[in-house]
Amino acid sequence: MESKDRSWVEIDLSAFRHNLRALKKHCEPHQQFMQIVKADAYGHGAIEISRVAVDEGASLLGVANVEEGKLLRIQGCNSPILILSPSLPSECEEIVSYQLAASVSDIYFAKALNAAAASHNVSVKVHLKIDSGMHRSGVALEEFPALWEAVSALPHLEVEGIFSHYAKSENDIQFSKQQLDSFHSAIAIYRDKVKYIHIANSSALINSLSEGDNLVRLGILSYGVYTDAGQADRIQLEPVMTFKSHIAQIKEIEAGEGLGYNLSWIAPHDTRYGVIPVGYADGYDFMLSNRGKALIQGKLCPVIGRISMDMTCVLLDDIPDVACGTTVILMGVGDPSLRVESLAASYGGSSYELLCQVGRRARRYYLEEGNLSHLAPIARRDFVSSDFTDSKLSQIIQSAISQRLRDEEIGELISREILRVFFFNKDQDIHYRKSFIHHISLQDSDNDHYWRAHTRLGFRKILQNDYFIVACATSDAALRKYFMRKDVEYRWLMDDSFELDEGAFKLSEVYVNDIRLEVKVKRQNNCLELYCHHPLLESLVGTEVSFRIDTASYYPKASHQLSVFINELTHGVQVSLDYPPSISSMEVVTVFSGQNRYPTVTREAGKITVHTRDEEWVFPQSGVVFAY
């Protein structure tokens, strides 16, 4: 794909799926897999990789620490998550709060975790780790029985698994088999008491070193990176990450002249070179100076000179017609020499490190079957809302509300029922009403079965169009569609015994500021539409104006109730009803959501008024019901 960014990272989720499926073919039928997503999924994006892995059958996700697990939870991941590295006692509270499983190697930490779980009256899953010969983390083989007994006795810990870690599973089969034998000998009498047994990583899996495991951990091979040259003969993997940029400048250099810091490259002849706006601050390793290669228009171009913090130079001898702006592939697909393992091998580096550091300033573009799925913001950047898609921003807002209120259900409710009103259309500016006044007067009419209803609606609002519509219908179904339209400012439901005409419903006066509007009436969609317009409104669009809408209609006496709904976010509300002496009793029911659920109700002879303070917000779907 093409991008206007200075540099960008493409993550091919289809390639990731391919790699997972290729690896799963090496699993025994009873073996499940854990997807390793630590270090932001080796730079690929933990939440995006996790979703695909779970979709492909991952039973667990593996992270390095509490913060990585916590972030996945905040991003909406509900799958089981295991912290693979040792945790600190100070992290126990968050392990419990975010429902993470912890690896345990000593009783001191186990007791701290048990105490934290007890304070919440919950149980926490743990995996006991054994040092089978790597001599990094884990309990010594001979000390495992004591650890098992101690942890098993803690009432708020559930031993879900036992595991270890290979040191050289990609290329030292003999030592790895020693580790495997030691591990399984140590756990022989315990293996039936836990759900998971695991020592094999992805390299061990394809080297048939997962015997006795019912869970395998898929890491760097799932990202399409070989850790040993011989692996390509046993499994075909596709690179998932590709790092790209553009040629920012093309220059010429004469024979004998040096280039870059310390002039480490001397031009052997007159030639041209390109400047790429990527350097070691972007994660393109400094050690690739005078070693790396870039793919431009299908041809490999050597990196020349030292890689700077923000720039890299490439030789353009073989592509004389190249122009500024041409796409450059620095790592990933296109040529075997651009694979991560090839680049790292050129300077004796680590594929893991290169993956994790690439694209520090780059957006990630996620592709499925060659099509853009979504993108992630620039890494290591403070929160900037414009970095996010609308759906992602909505997710962040909901997550933030849930975190702030410490209640996911309330956060989801607020997001679904309130915020969606404002985010329904991203191209629609959010406006609200101020000083909303709705007065209704019921009077005797020439029809004994109906009141004559006079209404006056007034409010202030940003004028969005040079017109608006008042709608009247005789059925809820016909009127309902007008509640979704932003150009409708007033809606009235008539009794179905009346014909829809101006005799039954009339706009007495309609004003915007001091401009009396022209009204055109038409029947449409089983509804009476009154189109309110004036040529002067065009100059007022985008400014705050005063609305006044006066109507006259009929209202059935047999209804015994009259409802007023507030369909927009409103700042200050007053709803009042005048009624004749023939109505001996009038009650009022308020259904308000907002800053005050219980507005003030005042009564006078023949009048009821419901009002809030001017500074109080009233949310949509609020209303008043007058019952007589």
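The values are calculated or read from the model by the stated rules, or taken from the named source; none is laboratory data. A quick note: this is a predicted structure, and the numbers were derived from the prediction, not measured. All Cβ positions, glycine included, derive from the backbone under ideal geometry; neighbour counts span all protein chains shown.
Between D466, D514, D496, the distinction of being of a type outside the set (S, T, Y), surrounded by fewer than 13 Cβ atoms within 10 Å (Cβ to Cβ) and more than 19 Å from S435 (Cα to Cα) belongs to D496 only. The residues of the range 1-35 that are out of contact with any Pro (no Cβ under 7 Å at 6 or more places or on another chain), of a type in the set (A, V, I, L, M, F, W, C) and buried (at least 17 other Cβ atoms within 10 Å of the Cβ), listed by number, are W8, V9, I11, L13, F16, L20, A22, L23, C27, F33, M34.
Could you tell me how many of the residues in the range 306-318 are modelled with pLDDT of 95 or more and either assigned by TED's automatic domain parsing to the domain that holds Y226 or in contact with a strand residue (DSSP E or B) (Cβ under 7 Å, 6 or more places away or on another chain) (or both)? Qualifying residue count for the region: 6.
Of everything in the range 543-562 that is of a type in the set (G, A, S) and at pLDDT 90 or above, the residue that is surrounded by the fewest Cβ atoms within 10 Å (Cβ to Cβ) is S546.
Here I329 clears all of (1) within 32 Å of the chain's Cα centre (by Cα); (2) aliphatic (A, V, I, L, M); (3) in a loop (DSSP other than H, G, I, E, B) except the condition numbered (3). Residues in the range 65-78 that are closer than 23 Å to F33 by Cβ, surrounded by fewer than 16 Cβ atoms within 10 Å (Cβ to Cβ) and without any contact (Cβ under 8 Å) to a residue 60 or more places away in the chain: L71, N78.
Select from the range 1-44 the residues that are in a strand (DSSP E or B) and more than 18 Å from I378 (Cβ to Cβ) and write down the one among them that is farthest from the chain's Cα centre (by Cα). Of everything passing the filter in the range 1-44, Q32 is farthest from the chain's Cα centre (by Cα). Looking across R523, R548, R516, one residue alone is of a type in the set (D, E, K, R) and within 26 Å of H611 (Cβ to Cβ). It is R548.
A count restricted to the range 176-206 and to residues that are under 25 Å from R234 (Cβ atoms) and not hydrophobic (A, V, I, L, M, F, W, C) stands at 10.
The set of residues from the range 567-601 being touching a His at 6+ places or on another chain (Cβ under 9 Å), at pLDDT 90 or above and hydrophobic (A, V, I, L, M, F, W, C) comprises V573, V575, L577, V601. Of all the listed residues (I189, I206, I250, I199), the sole one being out of contact with any helix residue (DSSP H, G or I) (no Cβ under 6 Å at 6 or more places or on another chain) and within 15 Å of E28 (Cβ to Cβ) is I206. One residue stands out among those in the range 589-613 that are in contact with an Asp or Glu (Cβ under 9 Å, 6 or more places away or on another chain) and assigned to a loop (DSSP other than H, G, I, E, B): the one that is surrounded by the fewest Cβ atoms within 10 Å (Cβ to Cβ), which is Q595.
Here Y365 fits the description: in a strand (DSSP E or B), touching a residue at least 24 places away in the same chain (Cβ under 8 Å) and under 30 Å from Q75 (Cα atoms).
Among the candidates D550, D495, the residue that is in contact with a strand residue (DSSP E or B) (Cβ under 9 Å, 6 or more places away or on another chain) and closer than 16 Å to Y450 by Cβ is uniquely D495. Every condition in (1) buried (at least 16 other Cβ atoms within 10 Å of the Cβ); (2) closer than 28 Å to A15 by Cα; (3) not acidic (D, E) is met by G298 except one, and the failing one is (1). So, K177, is that one out of contact with any Phe, Trp or Tyr (no Cβ under 9 Å at 6 or more places or on another chain), at pLDDT 95 or above and among the basic types (K, R) or not? Yes; evaluated as a whole, the condition is true for this residue. Among all residues of the range 170-189, there is none that is of a type in the set (V, I, T) and under 40 Å from the mean Cα position of the chain (by Cα). Candidates Q99, Q75: the one that is on the phi > 0 side of the Ramachandran plot and assigned by TED's automatic domain parsing to the domain that holds F175 is Q99. Taken as a whole, the range 83-91 holds no residue that is under 27 Å from A281 (Cα atoms), modelled with pLDDT of 95 or more and surrounded by fewer than 22 Cβ atoms within 10 Å (Cβ to Cβ). Looking at the range 379-456, the helices (runs of 4 or more DSSP H) lying wholly inside it that each contain 1 or more residues that are modelled with pLDDT of 80 or more and outside the structural domain of I566 (by TED's automatic domain parsing) sit at 390-405, 408-414.
Figure legend. Inter-residue proximity from the range 592-609: first residues free of Cβ contacts under 8 Å to residues at least 24 places away in the same chain, second residues outside any strand (DSSP E or B) and exposed (fewer than 14 other Cβ atoms within 10 Å of the Cβ), beta-carbon distance below 9 Å, spacing 6+ or different chains. Indicated pairs: Q595/R613; Q595/E615; N596/R613; T600/R613; A605/P581.
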